[in-house]
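Encoded as structure tokens, the structure appears first; notes follow it.
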Amino acid sequence: MKLKHLSLSVMIMGSALGLASTQAAASGYQFGSQSVSGQGTAHANGAEANDPSTIFTNPAGLSRLDGTQLVIGGTLVVPHSEYTDNGSKNVLGQPTGGGNGGTFAPKAVAAPTFYLSHKINDKITAGIGMYVPYGAKLDYGFDWAGRYALKSINLQSLNINPSISFKLDERHSFGFGVSAQYMDATLEQMADASSGLALGVAKGLPGGVTPGNIATAVGLLKAAGVRGDGLAHVEGNDWGFGWNVGYMFQLDENTRFGLAYRSSIKQTLTGSSTWTFNNVTGSMVPFGIPLSAAAAAKAKHPDASASVDVTTPETASANFFHQLNPKVALMGDVTWVRNSRMQQIDIKQSTVNGTAQGDLVLHQNWKDTWRVSFGSNYQLNDSWMLRGGVAWEQAPLQSDDQRHPAIPDSDRIWLSFGANYKINKQSSLDLAYSFIDFKNANVNYTDSCNPGGQKADGSLCTGNGGTVKGSYKTYLQLIGVQYNYRF
């Protein structure tokens, strides 16, 4: 299986440090938990460069850090998402039945972060960061109304990002980093075996696949006890490599500006696709096929090796920081994400023992997105600094018929609060809380294939057909804790 031009928004196949991630907190599959100190300002702090987490936002900021500094943090993501079905149908136009997916989002998951910086001399500072760049974790169960589009997805990732900065003079700094990125993904989707077999029987009737013959075939299969769904399981993993660069300009001792760019990363996740039809009952003997219904369905879907080409989107950011007075600092960030890399996912499955399964195509037509955030620090006293921030972030989806249950994304608003507590001269603790409110979203996604293995033009394909139609209500809470130490 091969997915071409899959701009990280991997729907079919998406770690280390034992990480787990949930429905994305940032646009698309990007995961907004790379820094707890940044979370406190809704990630408006790209030009603040107050700790080694600047490795992620702008590596040029390393030039502002003295000595050796360590950051260890974690973000607990607490999602709440509800789906309400509004008439999902299978490829035959019949209601799929089933529920709304229950609590398909996990109760809570954690994403770790680690950063270390060391000032080599007055001009050069080096560092390394490890964080979660992307993630998705949803499980709707075996019998929800949209099961033929998705049963579950679990995308996990880890980025290891060594970086170095060069301070040219008191005003100008440059930074550069490389990334080694690991991805591991698993997807499960129910297979509409009954409808597929019905289309096969109808094809053999005089006149072929007509509405009348389909109705006749459905009745005959029911009489033969043919019913139930199969399950497709796909998994894969891989490492990929990329780079990022940053520039920081110090206007005066209170004001600075930053520019940063992070490259795309190309990966090929390799693994396997497995099909099981243990829950499919009945026999195809009455229709001249000397097999059980489960065996007949399995014959069309042999297990195979699988791979998927993944290209994560580039990002470009511009930000500022201004120390208004000894107590108050203002900051802001604008980030552009090239999500338009994702237009169509073309999944190619290898032929096994002469059986060709055809391509699986997901239409997406994603657009580039923007994120705008503003934040502030307030120095309450020698021990406490308070933080706050707001952000608006676009979803890459352009219409309801391109929204897939694997990423029921929508525009969202961030409201964040944070604090830094100075334990002593060497150590401090960052705390952050964010509430992320997603705009209510509708899904009206139709599969262009059918479980008989054909598109409307007769070409081979793999899919279930049918339409997932419903609505989502979603919000997330992020709770972050970060320990900072200066050697």
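The values are calculated or read from the model by the stated rules, or taken from the named source; none is laboratory data. This structure is a prediction, so every number in the text was calculated from the model and none was measured. Cβ atoms come from the backbone with ideal geometry, glycine included; neighbour counts cover every protein chain shown. These area figures cover heavy atoms from the full protein model, side chains too; ligands, DNA and RNA do not enter into them. Shrake-Rupley method; radii C 1.70, N 1.55, O 1.52, S 1.80 Å.
Details
- Straight Cα distances below 14 angstrom link residue 123 to the aspartates and glutamates 66, 169, 170, with same-chain residues fewer than 8 positions distant left out.
- Spin-label model distance (nm) - residue 261 vs residue 374, 7 Å beyond Cα toward Cβ: 2.9
- Which of 270, 244, 332, positive extreme of dipole for the range 224-370 (C-beta unit charges): 270
- Computed with a 1.4 Å probe over protein heavy atoms only, the accessible area of residue 178 comes to about 70 Å².
- In terms of accessible area, using a 1.4 Å probe and ignoring ligands and nucleic acids, 229, 457 rank largest first as 457, 229.
- Stretchable slack from residue 384 to residue 334, in nm (0.36 nm times residue separation minus alpha-carbon distance): 15.2 nm
- With all protein chains modelled, accessible area of residue 367 [1.4 Å, Å²]: 60
- Volume of the Cα convex hull of the chain, divided per residue and given in Å³: 124
- Neighbours of residue 392, meaning other residues whose beta-carbon lies under 13 angstrom from its beta-carbon, give a summed charge of -1 when Lys and Arg score +1 and Asp and Glu score -1.
- Within the accessible surface of the range 27-108, defined with a 1.4 Å probe on protein heavy atoms only, the carbon and sulfur portion equals 50 percent.
- Summarising the amide proton neighbourhood of residue 291: residues at separation of 5 or more, or on other chains, whose placed amide H is nearer than 5 Å comprise 284, 285.
- Note on residue 327 and residue 160: the model spin-label points, each 7 Å out from Cα along the C-beta direction, lie 4.6 nm apart.
- Per residue solvent-accessible surface (Å²) - the chain, probe of 1.4 Å: 39
- According to the calculation over all Cα-Cα pairs in the range 83-124, the P(r) per 5 Å bin from zero is 5, 13, 12, 10, 9, 7, 7, 6, 6, 5, 5, 5, 6, 4, 0 %.
- Filter on 89/222; 137/473; 266/469; 203/469; 107/469 - keep pairs with C-alpha separation over 23 Å: 266/469; 203/469; 107/469
- Residue 385 contributes about 30 Å² of solvent-accessible surface, heavy atoms of the protein only, 1.4 Å probe.
- The magnitude of the dipole of the chain, with charges of +1 and -1 set on the Cβ of Lys/Arg and Asp/Glu and taken from the Cα centre, is near 260 debye.
- Percent carbon-and-sulfur accessible area, the range 329-471, ignoring ligands, DNA and RNA, probe 1.4 Å: 53
- Within the accessible surface of the range 255-321, defined with a 1.4 Å probe on protein heavy atoms only, the carbon and sulfur portion equals 63 percent.
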